[in-house]
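Novice: Structure provided below as structure tokens; questions to follow.
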Amino acid sequence: MTRLIFLGPPGAGKGTQAKVLADSHHIPHISTGDILRAAVSEQTALGIKAKGYMDRGELVPDQLVIDLIRERLGQPDAKPGWILDGYPRTVVQADSLDGLLTELNQSCDRVVNFDVPDEALVERMFSRGRKDDHEDVIRRRLEVYREQTVPLIDYYQTREKLTSIDGNQSMEDVATYLSQVI
Ligand code: ADP
């Protein structure tokens, strides 16, 4: 069983690593960012609510992603394991996830924290060219990360779940290191 949370700033390369690892472990890669972007492009009720926040680089309200994750982790393919990428991002979300996992009789094995210096993040996001990858929005996403998500590093450290990894290396090197620590 593999149940992992990938934590880290925007542009840290969590999604790329999560995809590869999830495929090789035959478990779903659950990215709240991907799910929200799909909802926006399909103009679902969730997408319509989320769009403005995402365009500004703000987090969408906790309750929206809490409901989304409850629904997603309840699906049968998520029973044997999962990689959560981009969730939780706030202490409220982390507390909620704790409760949900208890209900599901599951627990997270490890929280992997991707460490990447700011300059590298900004450069990666620029070259990615996504719609929310404009300079002012990137800056806001980094601020929001610092204010709301960084506290989760301590949160999971205290719970002895945290492993930090140097995300400022080649994709291959990060993947190799990751396979050693999980
Ligand atoms: P990145 O890691 O590059 O910021 P993501 O794809 O993870 O990109 O997220 C894109 C956007 O989706 C975020 O800026 C935010 O608006 C929204 N989002 C994703 N996950 C969450 C979450 N757990 N809580 C609140 N908002 C979220």
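Novice: Taking the condition within 21 Å of residue 174 (Cβ to Cβ) and out of contact with any helix residue (DSSP H, G or I) (no Cβ under 8 Å at 6 or more places or on another chain), does residue 23 pass?
Specialist: On the way: within 21 Å of residue 174 (Cβ to Cβ): yes; out of contact with any helix residue (DSSP H, G or I) (no Cβ under 8 Å at 6 or more places or on another chain): yes.
Yes; evaluated as a whole, the condition is true for this residue.
Novice: While we're on this one: Quick one: count up the residues across region 1-39 that are among the β-branched types (Val, Ile, Thr), surrounded by 19 or more Cβ atoms within 10 Å (Cβ to Cβ) and out of contact with any strand residue (DSSP E or B) (no Cβ under 6 Å at 6 or more places or on another chain).
Specialist: Qualifying residue count, region 1-39: 2.
Novice: Considering every residue within region 79-98, establish whether at least one is touching a Gly at 6+ places or on another chain (Cβ under 7 Å), closer than 27 Å to residue 179 by Cβ and surrounded by 15 or more Cβ atoms within 10 Å (Cβ to Cβ).
Specialist: The answer is yes, given that some residue of region 79-98 is touching a Gly at 6+ places or on another chain (Cβ under 7 Å), closer than 27 Å to residue 179 by Cβ and surrounded by 15 or more Cβ atoms within 10 Å (Cβ to Cβ).
Novice: Exactly one condition in (1) of a type in the set (D, E, K, R); (2) surrounded by 14 or more Cβ atoms within 10 Å (Cβ to Cβ); (3) over 28 Å from residue 175 (Cβ atoms); (4) more than 8 Å from the ligand (Cβ to nearest atom) is not met by residue 110; state its number.
Specialist: If we test residue 110 against (1) of a type in the set (D, E, K, R); (2) surrounded by 14 or more Cβ atoms within 10 Å (Cβ to Cβ); (3) over 28 Å from residue 175 (Cβ atoms); (4) more than 8 Å from the ligand (Cβ to nearest atom), just (3) comes out false.
Novice: Suppose we filter 133, 85, 98, 166 for residues that are more than 23 Å from residue 35 (Cβ to Cβ) and acidic (Asp, Glu); which single one remains?
Specialist: When all the criteria are applied, what remains is 166.
Novice: Residue 146 passes all but one of (1) in contact (Cβ under 8 Å) with a residue 12 or more places away in the chain; (2) within 17 Å of the chain's Cα centre (by Cα); which number fails?
Specialist: (1)
Novice: Only one of these conditions is not met by residue 15: (1) near the ligand (Cβ under 9 Å from one of its atoms); (2) in contact with a helix residue (DSSP H, G or I) (Cβ under 7 Å, 6 or more places away or on another chain). Which number is it?
Specialist: Just one mismatch for residue 15, condition (2).
Novice: Here are 12, 38: which of them is touching a Leu at 6+ places or on another chain (Cβ under 9 Å) and either modelled with pLDDT under 95 or among the small types (Gly, Ala, Ser) (or both)?
Specialist: Going through 12, 38 in turn, the sole match is 12.
Novice: Identify all residues within region 1-11 that are closer than 19 Å to residue 94 by Cβ and near the ligand (Cβ under 7 Å from one of its atoms); write none if there are none.
Specialist: The one that is closer than 19 Å to residue 94 by Cβ and near the ligand (Cβ under 7 Å from one of its atoms): 10.
Novice: Can you pull out the helices (runs of 4 or more DSSP H) entirely within region 130-181 that have at least 1 residues that are in contact with a strand residue (DSSP E or B) (Cβ under 8 Å, 6 or more places away or on another chain) and either at pLDDT 95 or above or crowded, with 17+ Cβ neighbours inside 10 Å (or both)?
Specialist: Those helices (runs of 4 or more DSSP H) span 151-158, 171-181.
Novice: Moving on to the next point. Filter region 89-125 for residues that are among the basic types (Lys, Arg), outside any loop (DSSP other than H, G, I, E, B) and modelled with pLDDT of 95 or more and give the result.
Specialist: 110 - this is the single residue of region 89-125 that is among the basic types (Lys, Arg), outside any loop (DSSP other than H, G, I, E, B) and modelled with pLDDT of 95 or more.
Novice: Let me ask something else. Would you point out which residue out of 40, 111 is farther than 28 Å from residue 2 by Cα, aliphatic (A, V, I, L, M) and touching a helix residue (DSSP H, G or I) at 6+ places or on another chain (Cβ under 9 Å)?
Specialist: Numbers: 111 fails: farther than 28 Å from residue 2 by Cα.
Criteria check complete, one pass: 40.
The values are calculated or read from the model by the stated rules, or taken from the named source; none is laboratory data. Keep in mind it's a predicted model, so treat the numbers as computed, not measured. A quick note on method: Cβ atoms are made from the backbone with ideal geometry, for glycine too, and the neighbour counts reach across all protein chains shown.
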